[in-house]
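Participant: Just dropping this structure here.
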Amino acid sequence: SHIMSEYVRMTDAERDQIDQDAQIFMRTCADAIHQLRTEAHKGIQSAQVKEHRTAVLDFVEDYLKRVCKLYSEQRAIRVKRVIDKKRL
C-alpha cells in the first residue's frame, strides 16, 4: 500500500486507451499471421519446408491466442470491479 501511494493511479480513460490499443495490436498480429500463412507455401517445393513453416505459424498463432485469452481474463476482472463499485 505504501508503494502504491507513491504512484499516480491510471485513469479510466487511460485504461480504455490501453484496451483499445491492445485490441488493435492483437487484431494486427492475427492479420499478419493469416497473411504469412497464405504466403508461406508460395514457390516452395519441399514438403519438409512447408511442414516446418506450418508448424512455426501454428506455434505463433497458439501463442497469440493464449495472450488474447489472458488479456480477456484481465479485462473481465477490471469490468467486474467497475460494476461492483457502481453497485456500492
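The values are calculated or read from the model by the stated rules, or taken from the named source; none is laboratory data. All of these numbers come straight from a predicted model, not from anything done at the bench. Cβ: placed from backbone, ideal geometry, glycine included. Neighbour counts: every protein chain shown. Note: accessible area is taken over every heavy atom of the protein model, side chains too, but ligands, DNA and RNA are not part of it. Shrake-Rupley method; radii C 1.70, N 1.55, O 1.52, S 1.80 Å.
Participant: Per DSSP helix of 4 or more residues, -39500 (n - 2.57); summed, then divided by the residues of the chain. What does that give at 222 nm, rounded to the nearest 500? Write out the running numbers ahead of the final one.
Facilitator: Values: 3 runs with 74 residues, N = 88.
After summing the helix terms and dividing by the residues of the chain, the value is -30000 deg cm²/dmol.
Participant: With every protein chain left in place, what is the accessible area per residue of region 24-87 in square angstrom, probe 1.4 Å? Don't jump to the answer; show the numbers that get you there.
Facilitator: Numbers: 5490 Å² over 64 residues.
Averaged over the residues of region 24-87, the accessible area is 86 Å².
Participant: How do Lys86, Lys80, Lys50 rank by accessible surface area computed with a 1.4 Å probe, from largest to smallest? Please report the intermediate quantities before stating the final value.
Facilitator: Details: Lys86 165, Lys80 120, Lys50 75 Å².
Largest accessible area first, the list is Lys86, Lys80, Lys50.
Participant: On each of the three principal axes of the Cα atoms of region 31-87, give max minus min coordinate, whole Å, ordered largest first.
Facilitator: Taking max minus min along each principal axis of the Cα atoms, region 31-87 gives 62, 16, 7 Å.
Participant: May I ask for the net charge around Val79, where only other residues with Cβ less than 12 Å from the Cβ of Val79 are counted and Lys, Arg are +1 while Asp, Glu are -1?
Facilitator: Values: positive: Arg15, Arg75, Arg78, Lys80, Arg81, Lys85, Lys86; negative: Asp12, Asp16, Asp19, Glu73, Asp84.
So the surrounding residues net to +2.
Participant: Once neighbouring chains are kept in place and the probe is 1.4 Å, which whole percent of the accessible area of the chain is contributed by carbon and sulfur?
Facilitator: Values: 4600 of 7840 Å².
Reported share for carbon and sulfur atoms: 59 percent.
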